[in-house]
Amino acid sequence: RQIELSGKEQSAELEQLARAFNQMINRLERTFDRQKQFVADASHELKTPLTVISSYANMLKRWGRDDENVRDEAIEAISTEAQRLQNLTKSMLVLAEAEREDWLKLERFDLVQLADETAEMLNATFGRTIRVHTPKSDVKLIADKDKIRQLLVILLDNALKYSKEAIDISMQVAKGTVRISVADKGIGIPEDDMPLLFERFFRVDGARSRTTGGVGLGLSIAKRIVDLHEGKIDVFSKAEHGTTITVVLPQRK
Ligand code: ADP
């Protein structure tokens, strides 16, 4: 169908088109920048443990046969860094998959049961206590069950890593949404670092999370999962007092 435009209308249409076009270019540019930054950060993160491994391997070659202390130190460092590389590549693959997929495998399930199972699995693995607080009835949710499980594991795993006491996970239903909170009484997060938490590879303190094996990708994956579900994730934390992360998801039941 031919659209006849008068001179005035034509310029308004063109202007609108140009604006939409510019917005699209800006978005693409931002995406490219993010990807470039990701490759740069990822290379850096991979390089550090590799450098450590290679220098300890050289040390082993030179002095390992004669010096028992050198040998023990090198073996310990090499295995720690290799483990780190493993964690890193595993998280990077998970993130890449979460970013690539923009569809959800929706199914109806009981969140209470999922939280119970996840807490039980982590309690058995870490020998710690995760207390699950739930409403009297079950909490039915239509969402991607595997991704929600992954989200719970990320939040609970962080709470376990950065605190020593029991952890509480609770859920409430209100106005067609489900609110999930994971609370710990651990080391907390300094206020200045809050805005950066969901950035890829961000760690509050490199040294602090190095010992826990964290690579700084957990919360970016968590945020991606929440965004895909059109939900919201917030962090409340006080250094030295603890952290509570809340996720609000549409229940869609
Ligand atoms: P990591 O794999 O290092 O845990 P995340 O992306 O999951 O990465 O978290 C980013 C950083 O936020 C962590 O390195 C840690 O410093 C901080 N953090 C996350 N959760 C908690 C928590 N429950 N208590 C204290 N600090 C936390």
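The values are calculated or read from the model by the stated rules, or taken from the named source; none is laboratory data. Predicted model, so just to flag it, every value in this text is computed and none were measured. Cβ placement follows ideal geometry from the backbone for every residue including glycine, while neighbour counts extend to all protein chains displayed. Only protein heavy atoms, including side chains, enter the accessible area calculation; ligands, DNA and RNA are left aside. Shrake-Rupley method; radii C 1.70, N 1.55, O 1.52, S 1.80 Å.
Listing for the model above:
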{"read-out": "Residue in segment 106-128 that is in contact with a helix residue (DSSP H, G or I) (Cβ under 7 Å, 6 or more places away or on another chain) and at pLDDT below 95 present", "value": "yes"}
{"read-out": "Residue match in segment 222-229 (condition: assigned to a strand (DSSP E or B) and either open to solvent by 20 Å² or more (accessible area, probe 1.4 Å) or among the acidic types (Asp, Glu) (or both))", "value": "no"}
{"read-out": "Options ASP110, ASP116: the member that is more than 16 Å from the ligand (Cβ to nearest atom) and open to solvent by less than 60 Å² (accessible area, probe 1.4 Å)", "value": "ASP110"}
{"read-out": "Total residues in segment 236-253, condition touching a residue at least 24 places away in the same chain (Cβ under 8 Å), surrounded by fewer than 16 Cβ atoms within 10 Å (Cβ to Cβ) and within 21 Å of GLU191 (Cβ to Cβ)", "value": "4"}
{"read-out": "Filter pass, ARG71 being of a type outside the set (Gly, Ala, Ser) and outside any helix (DSSP H, G or I)", "value": "no"}
{"read-out": "Only one of ALA42, ALA74, ALA82 that is hydrophobic (A, V, I, L, M, F, W, C), open to solvent by less than 50 Å² (accessible area, probe 1.4 Å) and without any contact (Cβ under 8 Å) to a residue 24 or more places away in the chain", "value": "ALA74"}
{"read-out": "Test: residue in segment 163-180 that is within 8 Å of the ligand (Cβ to nearest atom), more than 14 Å from the chain's Cα centre (by Cα) and either under 20 Å from ILE142 (Cβ atoms) or open to solvent by 20 Å² or more (accessible area, probe 1.4 Å) (or both)", "value": "no"}
{"read-out": "Residue in segment 6-29 that is in a helix (DSSP H, G or I), touching a residue at least 60 places away in the same chain (Cβ under 8 Å) and charged (D, E, K, R) present", "value": "no"}
{"read-out": "Number of positions in segment 230-253 that are assigned to a strand (DSSP E or B) and modelled with pLDDT under 95", "value": "1"}
{"read-out": "Qualifying residues in segment 181-194 (those that are more than 8 Å from the ligand (Cβ to nearest atom) and over 27 Å from ALA143 (Cα atoms)) - the one most open to solvent (accessible area, probe 1.4 Å)", "value": "GLU191"}
{"read-out": "Considering residues of segment 85-107 that are within 15 Å of the ligand (Cβ to nearest atom) and under 22 Å from LEU228 (Cβ atoms) only, the residue surrounded by the fewest Cβ atoms within 10 Å (Cβ to Cβ)", "value": "LEU93"}
{"read-out": "Residue match in segment 53-60 (condition: part of a helix (DSSP H, G or I) and within 30 Å of VAL153 (Cβ to Cβ))", "value": "yes"}
{"read-out": "Verdict on ARG224 being in contact with an Asp or Glu (Cβ under 7 Å, 6 or more places away or on another chain), among the charged types (D, E, K, R) and either under 30 Å from SER43 (Cα atoms) or within 9 Å of the ligand (Cβ to nearest atom) (or both)", "value": "yes"}
{"read-out": "Qualifying residue in segment 134-156 (condition: near the ligand (Cβ under 7 Å from one of its atoms), modelled with pLDDT under 95 and open to solvent by 50 Å² or more (accessible area, probe 1.4 Å))", "value": "no"}
{"read-out": "Long-range neighbours under 8 Å by Cβ, at least six apart or interchain, first residue free of Cβ contacts under 8 Å to residues at least 12 places away in the same chain and in a helix (DSSP H, G or I) within segment 147-176, second surrounded by fewer than 18 Cβ atoms within 10 Å (Cβ to Cβ) and of a type outside the set (Lys, Arg)", "value": "none"}
